[in-house]
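The values are calculated or read from the model by the stated rules, or taken from the named source; none is laboratory data. Small disclaimer: the values here were computed from a predicted structure and weren't measured. Cβ sites come from the backbone with ideal geometry, for glycine too, and all protein chains shown count toward neighbours. Remember, those area values only see protein heavy atoms, side chains included, never the ligands or the DNA or RNA. Shrake-Rupley method; radii C 1.70, N 1.55, O 1.52, S 1.80 Å.
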Amino acid sequence: MLPRSFSAELAKAHASVPDALPGAAFCALADGLLALLFPQRADQPLPSADAVDSELYHFRSELAVLLAKVPSVPAPASELADEFTAQLPALRTALLRDASAILASDPAAQGLAEIISSYPGFYATALHRLAHALHQRGLPRLPRLLSEYAHQRTGIDIHPGAHIGQAFCIDHGTGLVIGETAIIGANVQIYQGVTLGALSVTKGLQGTKRHPTIEDHVVIYAGATILGGSTVVGAHSIIGGNVWLTESVPSHSRVYHRAHIQISRSEDPAAELVFSI
C-alpha cells in the first residue's frame, strides 16, 4: 500500500492547480470550424445558406460557452466570441491564400481540394492563425493548447505568438519549429526540419525578441537553422538545406552549406563507380 502521506500530497497538488480548461472541446470546435469554412474537410457539405447561418450561430454560441470557462479572460466571453466570429471572412481569405501558395509551389499537389483536405502544412497554418488570433487578444493558455494540438497531429511546432504573413507555404513540414517572437513576411516557403529559434533560452529573455525575422519571398530549405532575435533574412533570399545561420543576410542572398564528402572503398579501386543522387 502507498503511504497516506502520498495521497495527501497529490490531493494538495490537485487542489492548487488553475481551473481546468476545456482544451479537448476547444480543439474539436476548431476542427469543426475548419470543416465549416472549407467543405473539403467536412463529412458532408451544407445544403443551403440557412444551414450555414445555423452552423455559424452554433459556433459562436459554443465558443462563448467555452471561453466563459477560461479564467482571467481579458474581456467578457460573449464579446470575445463576437469579435472572433466577425474575423471569419478575413480568416478564410487568408487561408485560401495559403492553400494557393502551396499549390503554386508544390508540383505534387493536384488541386486546392487536396491541399485543404489533407496537407499537414495547411492544417498547421490554419490552426496557427486561429491560435494567433486568440493570443493577440490576451487569452491565457488556450492558444498554446491549440498550437500543441496541431503539433501532435502534424509534427509542426508553431508558437501562437509568431507573426506569419499572407500566402505562407509549408512543404512537408515535419520537424518544423517556429518560435514565439519570429516574424515571417508574405510569400515565404519553408520546408521540413527548419528551426526559427533563439540563440539563448535563458528565462531572463522572456518578453524580448529572441527569434529571427524572415522578410517577403524567402525560401528556406530542409534542415536549415536560423537563430537570434536580431537575425534578419532579407527579401527574395534562398537559405539552403542544413545551413546554420546566426547573423543577418541582405535581400536576394543565396546561402548554402558546402558539405565535405569523402568516400572510402574496400572493393576493386578500378571498378566503375555509379551514383544516383
Beyond 17 Å, what share of the Cα-Cα pairs of region 37-95 is found? Please give it as a whole percent. 48
Cleavage-rule hits (GluC sites (Glu not before Pro)) in region 119-228: DSSP loop, at most 15 neighbouring Cβ within 10 angstrom: none
Restricting to the chain, what percent of DSSP beta bridges are antiparallel, rounded to 5? 0
Helix-only [θ] at 222 nm, the chain, -39500 (n - 2.57) per DSSP H run of 4+, per residue, nearest 500, equals -13000 deg cm²/dmol
Result for the chain: accessible area per residue, probe 1.4 angstrom, in square angstrom, of 55
Radius ratio Rg over Rh of region 1-77, counting only Cα atoms, Kirkwood formula for Rh: 1.25
Filter the GluC sites (Glu not before Pro) in region 2-87 to those in DSSP coil with at most 14 other Cβ atoms within 10 Å of their Cβ, and list the result. none
Between Ala113 and Asp43, what is 0.36 nm times their sequence separation minus the Cα-Cα distance? Round to one decimal in nm. 23.8 nm
Rounded FRET efficiency, nearest 0.05, which uses the C-beta distance separating Thr174 from Asp50 and R0 of 35 Å: 0.30
Provide the FRET efficiency to the nearest 0.05 for the Arg141-Thr208 pair, computing r from the beta carbons and using R0 = 30 Å. 0.90
Subtracting the Cα-Cα distance of Arg258 and Ala86 from 0.36 nm times their residue separation yields 57.0 nm
With semi-axes √(5λ) of the Cα gyration tensor in Å defined as stated, name the option among (i) 38, 27, 20; (ii) 27, 25, 17; (iii) 27, 22, 17 computed from the structure displayed. (i)
For region 104-148, the percent of accessible surface on carbon and sulfur atoms (probe 1.4 angstrom, ligands and nucleic acids excluded) is 56
Under the definition of Cα pairs under 8 Å and six or more residues apart, what whole-number percent is the relative contact order of the chain? 10
Around Leu227, under 10 Å between beta carbons, what's the net of Lys plus Arg minus Asp minus Glu among the other residues? 0
Give the range of the longest stretch in the chain that excludes all chymotrypsin sites (Phe, Trp or Tyr not before Pro) found in loop regions by DSSP and having at most 16 other beta-carbon atoms within 10 Å. 1-255
Mind pulling up the Rg/Rh value for region 152-253? Radius of gyration and Kirkwood radius, both on Cα. 0.94
